[in-house]
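Please treat every number below as a calculation from the coordinates, not as lab data. The structure presented is a predicted model; accordingly, all values stated were derived computationally and were not measured. When we count neighbours, we look across all protein chains shown, and the Cβ atoms used for this are built from the backbone with ideal geometry, even at glycine.
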Amino acid sequence: MKNECIYISGRLSAYSDKEVSEEKRREVEIHLETCRKCRTKLGELEKAGTAVKTALSCDEADIDFSGIWEKIESNTDFRPSLWQRIIRFAGKPVVWMPAVFAGAAACLLICFMPNFHSGPDRQTPMQAGLVESVYSSTGQVMVMQTAISGSPLIWILPGADKEAG
Amino acid sequence: MKPSLILAPLIILYIWLVFIKPAEAGTTSILHVNIEIIKACRDSAVVDPQLKGLIRELGPILNFSGFSLLKKNKISLKVNDKTRLILSPDRQVEVKLLELDDYKARLSVRILEKKKETFKTVLLLIDNGSALIGGPPHEGGTLLLRIKVKFE
């Protein structure tokens, strides 16, 4: 861009608004006669000026400001997204860590709760078998447990009279 | 997010797991009883191949060296059902199922000699549990009963 163009383009807006002196106006017009670029620029400036003037000529009462605001709100979500909230939450160790410790403690309690796996009756696991009662006419009975399975072993001993005999 | 939002579901889960009963399983109604009548002796070292496990079980307790399986009976019982088996010409054993639930079976075992009760016991057995009763003399050895149960 020529130095003259730079100088004129700085004055085009004022020229378009008729805010320049007669001398300056002549100066700009002489340049415009020979410079196509500056003429184009002036044309654009005039177009923009016309559009602004048209907009400003509207009556204020005709503009629905609340409708415009609703449109803006519907198109813009100012709340943070779920991912942003997760990131923000995870980034707060002071809040996050107690929850982690509490969860771990709850899991440990569940795992080590006595009789947790012992069925609905919450009974202590029974051995392979138990002897509830025993009677022998000899009057001598031994109750033991086998070595491996722990099953009950009832041994009927001979009576005192038989032993003597 | 507050920690209480995480803790609340965890506490609810804990309470549910610990205090609320799971759905009842199908109830057991039949007990399969396997009764082995065994002769144990000290003057023989012959062990019936089916009774090899028994040597390991009884070895540390009783000093028998020979075991022979005289009879093996499989019976199925419902509550209050009873069955009698002949141990020897003048000796019988009677087994009666007194109670049965998903976790235990209560069995009454009686030994009758010449129709007179000489021995009686009540056993509490779990599924696949077993009990041994021994002592009565029998043909130069000692009689041993092994009772195994299985729930259905």
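May I ask which of A:Lys41/A:Lys71; B:Lys52/B:Lys78; B:Lys78/B:Lys115; B:Lys39/B:Lys78 have a Cα-Cα span longer than 27 Å here?
Flagged as over cut-off: A:Lys41/A:Lys71; B:Lys52/B:Lys78; B:Lys39/B:Lys78.
List the relative contact order of region B:26-151 as a percent without decimals, with contacts defined as Cα pairs under 8 Å and 6+ residues apart.
Dividing the mean separation by the residue count of region B:26-151 yields 29 percent.
Just want the ordering: A:Met144, A:Met97, from fewest to most Cβ atoms lying within 10 Å of their own Cβ.
A:Met97, A:Met144
In which sequence would B:Ile147, A:Ile86, A:Ile72 go, from the one with the fewest C-beta neighbours within 10 Å to the one with the most?
Ascending Cβ contact count within 10 Å gives the list A:Ile72, A:Ile86, B:Ile147.
Which order do B:Leu77, A:Leu82 fall in if you start with the one that has the fewest other Cβ atoms within 10 Å?
Ascending number of Cβ neighbours within 10 Å: A:Leu82, B:Leu77.
Mind running the shape call on chain B? Use the C-alpha gyration tensor, a ≥ b ≥ c as the square roots of the eigenvalues: rounded below 1.5 for a/c, prolate if a/b tops b/c, oblate otherwise.
The shape class here is prolate.
What is the magnitude of the charge dipole of region A:3-56 about its Cα centre, with +1 placed on the Cβ of each Lys and Arg, -1 on the Cβ of each Asp and Glu, and no other charges, expressed in debye to the nearest 20?
Charge dipole of region A:3-56: 220 debye, to the nearest 20.
How much length is gained if the chain between A:Leu82 and A:Thr54 is pulled fully straight, taking 0.36 nm per residue apart and subtracting their Cα-Cα distance, in nm to one decimal?
Roughly 5.7 nm would be gained on extension.
With +1 on each Lys and Arg Cβ and -1 on each Asp and Glu Cβ, and nothing else charged, work out how big the dipole of chain B is about its Cα centre, in Debye to the nearest 20.
Roughly 200 debye, rounded to the nearest 20.
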